[in-house]
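Peer 1: Starting off with a structure, shown below.
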Amino acid sequence: MGMVGDARIRVPDRITRGEIITVNSIISHPMDTGFFRTAEGKPIPAWFIKDVVITYGEEQVARFTWTSGVSRDPVISFTLKADKEAPLTMVWTDNKGGVYRQSVPIAFTAA
Amino acid sequence: MATSEPSSRRTFLRTAALVSAGLVGSGAISRGERLLAAVGAGGPEDPEVPNEIVAKILQDISRGRPITRGHLSLDMPAAAEDGRIVPLIIESDLPMTVDRYVKVVHLVVDFNPDAHLAVYELSPAVGTVSLSTRIKMKRSTWVRAIAETSTGELWAAYAHVNVTLNGCG
């Protein structure tokens, strides 16, 4: 993980239709609260992800509203009922207007 | 794992506050009792409401409905050395069907600068409630996970975490 907004989504290698899978995600972001100062005493302004939208195919399946209380480089894991072959997309939006997108295909293992 | 602390005094205060709910505004009862009465949504063994901010958050979530402990689990370390990174897992045995599902899970951390730390809106497409993440905590306190179902029920789980290093600045 390097630049702000670098994001990864991990899903299982083998997925069968109808299975409930765990989706793990991480995004590189400082999640600054606005309460800290630099070593020189300058205030560090608040800079945090406030909104995460998760879309599976055309359907929005979840949406998270965050504050700067989520730890630096936010990780979030959730589940998904894998009932179609379609991309799973996450869009993270921060309080300065930064928008970060990542997507993984959900594809089924041949039986 | 954190568990609720048995406290006869706390139970007494809570009970007294609920009994005296009709007296809110009379000026005859303490601030703590007013807070408890104002929320009036939890059971006698639930964590005390520490201040007006948390009371307002719980009121906004409950809108007069009871918040009942159960059907939700909140797993956190009982002691967290570094308040900047405190892991948590929220799970539920509630159904996730089109007819009845958990539509939102609230995460509230008493005494944090933003006490209403996160809101997780879900849909039946996630299949089950299983969330894990890492949060910042300012000091030792209670963490509350509250789930609202599509049919309007409110279910809660609580965890007490002892925090050594303030993670909020």
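Peer 1: For the range A:1-64, which trypsin sites (Lys or Arg not before Pro) are both in a DSSP coil and crowded by at most 13 other Cβ atoms within 10 Å? Present the calculation step by step, with values, prior to reporting the outcome.
Peer 2: Values: sites: A:8, A:10, A:14, A:17, A:37, A:50, A:63; in loops: A:14, A:17.
Of the trypsin sites (Lys or Arg not before Pro), the ones in loops of the range A:1-64 whose Cβ has at most 13 other Cβ atoms within 10 Å are A:14, A:17.
Peer 1: Also, I was wondering about something else. Please list, ordered by chain and number, the residues whose modelled amide H lies under 5 Å from the amide H of residue A:34; skip anything fewer than 5 residues away on the same chain.
Peer 2: Here A:46, A:47 satisfy the definition.
Peer 1: Hey, got the dipole for the range B:106-166? About the Cα centre, +1 on K and R Cβ, -1 on D and E Cβ, debye to the nearest 20? Display every interim value, and only then the final one.
Peer 2: Working: 5 positive and 5 negative charges, 75 e Å.
Dipole of the range B:106-166, to the nearest 20 debye: 360 debye.
Peer 1: Please list, ordered by chain and number, the residues whose modelled amide H lies under 5 Å from the amide H of residue A:73; skip anything fewer than 5 residues away on the same chain.
Peer 2: A:29, A:31
Peer 1: Rounded if a/c is under 1.5, else prolate if a/b is larger than b/c, else oblate: which is chain A, with a ≥ b ≥ c the root eigenvalues of its Cα gyration tensor?
Peer 2: On the way: a/c = 3.13, a/b = 2.64, b/c = 1.18.
Cα axes put chain A in the prolate bin.
Peer 1: Rounded, prolate or oblate, given the Cα gyration tensor of the range B:53-126, with a/c below 1.5 counting as rounded?
Peer 2: Numbers: a/c = 2.09, a/b = 1.34, b/c = 1.56.
Oblate, because a/c is 1.5 or more while a/b does not exceed b/c.
Peer 1: Residue by residue, what Karplus-based ³J(HN,Hα) values in Hz, rounded to whole numbers, does the range A:35-51 have, using 6.51, -1.76 and 1.60 with θ = phi - 60° and x for Gly and Pro?
Peer 2: Going residue by residue, I get 9, 9, 10, 6, 4, 8, x, 6, x, 9, x, 4, 8, 8, 6, 10, 8 Hz, with x marking Gly and Pro.
Peer 1: Provide the solvent-accessible area of residue A:20, counting protein heavy atoms only and rolling a 1.4 Å probe, rounded to the nearest 10 Å².
Peer 2: 80 Å²
Peer 1: To continue, here is another question. Size of the dipole of chain A about the Cα centre, Lys and Arg at +1 and Asp and Glu at -1 on the beta carbon, nothing else charged, in debye to 20?
Peer 2: Working: 13 positive and 12 negative charges, 31 e Å.
Rounded to the nearest 20 debye, it is 140 debye.
Peer 1: Along the positive direction of the dipole of the range A:37-111 (beta-carbon charges: Lys, Arg +1; Asp, Glu -1; about the Cα centre), which of A:70, A:105, A:87 reaches farthest?
Peer 2: Of the options given, the answer is A:70.
Peer 1: Can you pull the percent of chain A's accessible area that's carbon plus sulfur, 1.4 Å probe, other chains left in place?
Peer 2: Numbers: 2960 of 5730 Å².
So the carbon and sulfur contribution to the accessible surface is 52 percent.
Peer 1: For residue B:141, list long-range residues whose amide hydrogen, built 1.01 Å from N in the peptide plane, is under 5 Å from its own amide hydrogen.
Peer 2: Those qualifying (amide H under 5 Å, at least 5 residues apart or on another chain) are B:161, B:163.
Peer 1: Another one. Which of the lysines could be linked to residue A:84 by a straight reach, that is with a Cα gap under 28 Å, when you skip same-chain ones fewer than 8 residues away?
Peer 2: B:103
Peer 1: Continuing with the same structure: Past 29 Å, Cα to Cα: identify those pairs from A:50/A:81; A:81/B:56; A:81/B:138; B:56/B:136, in the order given. Don't skip to the answer; put the middle values down first.
Peer 2: Details: A:50/A:81 25 Å; A:81/B:56 35 Å; A:81/B:138 36 Å; B:56/B:136 21 Å.
Those over the limit are A:81/B:56; A:81/B:138.
The values are calculated or read from the model by the stated rules, or taken from the named source; none is laboratory data. Quantities reported herein were computed from a predicted structural model and do not represent experimental measurements. FYI the Cβ positions are ideal-geometry reconstructions off the backbone, even for glycines, and counts take in every protein chain you see. For accessibility, only protein heavy atoms count, side chains too; no ligands or nucleic acids. Shrake-Rupley method; radii C 1.70, N 1.55, O 1.52, S 1.80 Å.
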